[in-house]
Amino acid sequence: MNLSEQLYLMMQKNSDAMQPTDLSIGTVTSASPLEITISTAMPPLPASVLYLTSAVVEKKMPMLEHTHKTGGLQHEHTIPSGSTGPALSGEFESSKELTSVAVMENGKPLPVKGGYIILNRGLETGDKVLLLRVQKGQKFIVLSRVFEKEA
């Protein structure tokens with residue numbers, strides 16, 4: 001093996017050891033403060049080395065308080081011995097409470113909490129996440145949550 005081949009092999013091994021970029025699956029072990037574990041052989045990654053993308057931060061939309069009023073349902077019934085009085089006169093309000101909306105995430109409706117529709121929930125303990133290793137493994141970009149298919 002000549003010198004140029006030796007140098008090439010050394011550079012390739014050095015590049016592989018630096019791990020400039022790499023995808024990993026991690027598990028959120030703590031939501032506050034945020035910590036993610038990617039291997040039992042290494043300590044959890046603290047928030048200081050994690051960059052969060054918009055896919056993993058909470059997004060919520062305030063619900064506008066509103067009611068629906070139904071009126072004009074008044075009616076009478078006529079029978080041989082006379083007629084009934086008016087029924088259902090006045091206005092009727094619907095409930096102001098919503099518990100879910102028709103938008104789904106991974107087969108489940110988005111929740112409604114505290115007057116907000118949660119469009120994208122923040123990371124929670126136990127969530128599986130897709131990580132991109134950068135800066136020689138010193139920083140990680142949290143790309144998204146990962147959902148496992150249910151059997």
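See the values below:
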read-out: Listed residues ASP22, ASP127 arranged by accessible area, highest first, probe 1.4 Å; value: ASP22, ASP127
read-out: Förster-model FRET efficiency, 35 Å R0, MET63 and GLN138, C-beta, rounded to 0.05; value: 0.25
read-out: Added length on full extension, which subtracts the Cα-Cα distance from 0.36 nm per residue, GLU105 to THR29; value: 25.1 nm
read-out: Surrounding net charge for ALA31, when Lys and Arg each add one and Asp and Glu each subtract one, Cβ distance under 14 Å; value: -1
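The values are calculated or read from the model by the stated rules, or taken from the named source; none is laboratory data. Keep in mind the model is a prediction, meaning the values are calculated, not measured. Note: ideal-geometry Cβ built from the backbone for every residue, glycine included; neighbour counts use all protein chains shown. Side chains included, ligands, DNA and RNA excluded: accessible areas come from the protein's heavy atoms. Shrake-Rupley method; radii C 1.70, N 1.55, O 1.52, S 1.80 Å.
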